[in-house]
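Below: the structure, in structure tokens.
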Amino acid sequence: MINRIAILGTGLLGTSVGLALRAAGYRGAIIGWNRGAEGAQTALKMGAIDAVANDPIEAARQSDVTLLSVPIYATLDLMQQLSGVLGCEHLVTDVGSTKGQITEAAGRLFNTPERAAFLPGHPMAGKERGGAELGDATLFKGAVWLFTDVATWERSSTASALVRSWREFVTAMGSRVIDIDATRHDEMVAWVSHLPQFIATALSALLEDAVGEAPELRDVGGRALREMTRLGASPYSMWRDIAHTNTAAIERAIAALEQRLQHMRENLRTPELRDEFVRANKFRDQF
């Protein structure tokens, strides 16, 4: 039974989780903490949390479940701090976009009979901009919520009950739960999430240099331009830790794209270009 949840990090995802929990019928207490006080106060005014905590460690100690909704390096830091003070009656989970280092730390710091359980998680949902003010109770509806390292929490019956309850609430928030290996997770998201972001960032930066001051830009740039550059609005602060903790997989994806673009450039006037469009249409037909 989850009677109290601490959300450490009331940005877009943390605030959205609080709102989605309420919409799903959760009636327990939700306590929020944010490094910047303004974000926590916004989440409080929106009804995503019931109170603002001054101390994230104490908030976690007093809660059944703690959700870490901060950048990845901050998540790793909080994991280190929490591992020594939480017991087997606690569950910690997260929403980090890369899972390799977090899952490794979970196995090293948590998931023993005397320590808290840790369930690494990643909802495949978000917006190009962050902030509590953009919190949305429907953000997770229809989304996939990935979990890694599921077997470790089965060592404790208390942990098992908390994990089952948390997964049930994730489903109640509208998400579809999938369990995946951490290494496979990072490989897949490098292709389907991280690469699109870096394409949009590179394209937006290139266009800023090439035609950013062109007076015709607003008239000539249509829907295709807006769609292709939408993710270009994402801030560096959201993506630095992702780039640093999934570097190898992202490098491989970018290198493959570079080769593909070179192939297209070299075949603008050959049937190979048609074949690329055929492959692209085949992939897009899956969605």
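Annotations for the structure displayed:
- Residue, modelled with the lowest pLDDT, within the range 88-134, restricted to residues that are part of a loop (DSSP other than H, G, I, E, B) and among the hydroxyl-bearing types (S, T, Y): T112
- Search result, residues across the range 187-223 that are part of a loop (DSSP other than H, G, I, E, B) and exposed (fewer than 11 other Cβ atoms within 10 Å of the Cβ): E213, P215, E216, G222
- Scanning the range 52-77 for residues that are in a loop (DSSP other than H, G, I, E, B), more than 19 Å from A37 (Cβ to Cβ) and of a type outside the set (S, T, Y) yields Q62, D64.
- Failed criterion for R35 (all others in (1) in contact with a strand residue (DSSP E or B) (Cβ under 7 Å, 6 or more places away or on another chain); (2) within 17 Å of E133 (Cα to Cα); (3) not in a helix (DSSP H, G or I) hold): (1)
- Filtered residues of the range 38-51 (kept if of a type outside the set (S, T, Y) and part of a helix (DSSP H, G or I)): E38, G39, A40, Q41, A43, L44, K45, M46
- Number of the condition not met by G142 [criteria: (1) in contact with a helix residue (DSSP H, G or I) (Cβ under 6 Å, 6 or more places away or on another chain); (2) at pLDDT 95 or above; (3) not aliphatic (A, V, I, L, M)]: (1)
- Qualifying residue in the range 228-239 (condition: among the polar types (S, T, N, Q) and surrounded by 17 or more Cβ atoms within 10 Å (Cβ to Cβ)): yes
- Pairs meeting the criteria (first residue in the range 235-255 and at pLDDT 95 or above, second residue surrounded by fewer than 15 Cβ atoms within 10 Å (Cβ to Cβ), beta carbons under 7 Å, at least 6 apart or on different chains) are D241/Y73.
- The range 249-280, residues that are within 28 Å of the chain's Cα centre (by Cα) and surrounded by fewer than 11 Cβ atoms within 10 Å (Cβ to Cβ): A255, E258, A280
- Residues of the range 111-131 classified as in contact with a strand residue (DSSP E or B) (Cβ under 9 Å, 6 or more places away or on another chain) and either closer than 25 Å to A20 by Cβ or free of Cβ contacts under 8 Å to residues at least 40 places away in the same chain (or both), total: 10
Here is a yes/no grid of residues against (1) closer than 23 Å to T112 by Cα; (2) of a type in the set (D, E); (3) modelled with pLDDT of 95 or more:
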| position | (1), (2), (3) |
| --- | --- |
| I30 | no, no, yes |
| R35 | no, no, no |
| T42 | no, no, yes |
| G47 | no, no, yes |
| I57 | yes, no, yes |
| A60 | yes, no, yes |
| L67 | yes, no, yes |
| D77 | yes, yes, yes |
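The values are calculated or read from the model by the stated rules, or taken from the named source; none is laboratory data. What you see is a predicted model; the values in this text were computed from it and never measured. Reconstructed Cβ throughout: ideal geometry from the backbone, glycine too, with neighbour counts over all protein chains shown.
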